[in-house]
Structures are given as structure tokens and as C-alpha cells.
Amino acid sequence: MTEANAEHDRRIRLRAKRMWEEAGSPKGREDEYLERARELQAIEEHPNAALLPNPMVAHPQPGPTEEPVEEAELQENLGQFPGRTDQGDRPAAPMTKRKARAFLRRG
């Protein structure tokens, strides 16, 4: 382990210990405070990391000169999707006893 890594780990352990003691030294939760200290140390060391562009974005937004692309299939099928009543046409609530008796007499 290099000297820089050792110093980095020492700062994390000290921060974790301080946070753990401030919380009343809860038993069995030392690892939780160590993880929190790692996160805080990373934020402190790299404050602008959240400002970087997201590498997971596959399709960037169109520029001001480009027209947005509409999904043609979505536009064609708009309004043709089944609603909630198409799923067996069941009533939304159970029948009252009176309605159930009347329904059974008819059948």
C-alpha cells in the first residue's frame, strides 16, 4: 500500500470513528459508519464529480437546429390500447349482498 493510500484510509477510519462516537457508539454498526465515511471522503475529494456528463446516456437531446424525432408507431396507435374495463369487464367493487342475491336469482 502506498503512503497516499495509507493516509487516505487513515482519514476515512478517523472520520468513521468520530461519526460512530457522536452517534453514541452503537454496537454492531461500525461497518455502516465506515461506509458513510468513505462516501463523505469521496465527495470531499471529488466535489465536481456530479457535474460530469452521464456516460449512460445513449441518445443525447437534439440540438436547436435538429427536429425531434417522433415515434411514428406510438402516434399511429394512440387511443387503441385496451383500458381497464377491457380486462374482463369486471365491476370495480364487489357486489352488495342484495345485488348478489338478485344476480343469483336471475341465473
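The values are calculated or read from the model by the stated rules, or taken from the named source; none is laboratory data. For clarity, every value in this text was computed on a predicted model and none was experimentally measured. Cβ atoms come from the backbone with ideal geometry, glycine included; neighbour counts cover every protein chain shown. Accessible surface is based on the protein model in full, side chains and every heavy atom, while ligands, DNA and RNA are left aside. Shrake-Rupley method; radii C 1.70, N 1.55, O 1.52, S 1.80 Å.
Just a few scattered comments:
- The stretch 1-47 - residue that is in a loop (DSSP other than H, G, I, E, B) and touching a Phe, Trp or Tyr at 6+ places or on another chain (Cβ under 9 Å) and, of those, most open to solvent (accessible area, probe 1.4 Å): Arg29
- Where a residue in the stretch 19-36 is among the aliphatic types (A, V, I, L, M) and modelled with pLDDT of 90 or more and its partner, wherever it lies, is in a helix (DSSP H, G or I) and exposed (fewer than 12 other Cβ atoms within 10 Å of the Cβ), with Cβ under 6 Å and at least six apart: none
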